[in-house]
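Right, one structure below, let's go through it.
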Amino acid sequence: MATRFADRLPGALWPVLMILLVSGPLVAQTPATKSTTAVVGPRLTLDRSEHDFGTIKQGERVETEFIIENSGDAELRLLRIKPACSCTLVATPKTRLAPGQKSRLRVAFDSSGKRGDLAYPVMLTSNDPLQRERHLTLKVRVAVELELRPAVVYLSPGVKGRTLTRRVELVNHGLRPLRLIGLESSRPAIHAVADSLNLPPGGRVTLTLTLQLPATGRDGFSGRLTLLTDHPDYPRLFLPVQVGEPGARRIRPTSPGERLNRSGSAPPLK
């Protein structure tokens, strides 16, 4: 009698045979090919989207630059560069970039009249079809070394010919002492007296302002006091003064870092 194949199969091969029967025939698998999508059109790429200037003194101007690259395969056109604040100045870079080409965008910040922790955006508009608008952010902390409190003197109009009085403090937040050496007034009706000429670090000086209202004519007027100091960075401090009348537009504070474009002597403070 013929011997069956199963009777002749060694016992050690039975487990292997069962696995083959259950899993079916082995078929060679070809690794899947990873699909890639080609870049189509211009692509605006930035080396970074934010810059922190750190801590600077009020009145100081700082600059930085961003690198713009066209990482696409068509010409990139910069259509608009718009800072959110007039204190931010932008030097216009190349507005047309070929694929792979780079350009430098220079940005400057003027801290005159600013103080504290600030952040200002700059918007870039391009023909990048994926993202037509990109935003850069400038961060800065503006430290006030010399501060006038208040920064602007506002007074309500009084009786014609009357004398008005207001006190103003000059505070030294810096690390070096300074001395008041003179005063300039834009109007004969505005006078000031200081209780001290020396201002140590952390100290303050009180100025007493007197304003002589005109006996005739309009009730409102504006002027400015200029304090002259021996500080190399702040030789002149400006204090706007306004006596308001209904509907008068308020003048803005000026920065201690601003400088006059004229020279001249001034009488000493009394």
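Any read-out appearing in this document is the output of simple, stated calculations on the displayed coordinates, not a laboratory observation. Treat the numbers as computed from the prediction; the structure is a model and nothing was measured. Note that we place each Cβ from the backbone using ideal geometry, even for glycine, and neighbour counts take in every protein chain shown.
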Could you sort 53-60, 237-244 so that the peptide with the highest average Cβ count within 10 Å comes first and the rest follow in order?
237-244, 53-60
Distance in nm between LEU175 and THR45 label points, each 7 Å along Cα→Cβ, equals 4.2 nm
Between ASP117 and ASP73, the FRET efficiency computed from the C-beta separation at R0 = 51 Å comes out, to the nearest 0.05, as 0.80
Determine which aspartates and glutamates satisfy two conditions relative to LYS139: a Cα distance under 17 Å, and not lying fewer than 8 residues away in the same chain.
ASP47, GLU50, ASP52, GLU60, GLU63, GLU65, ASP110, ASP117
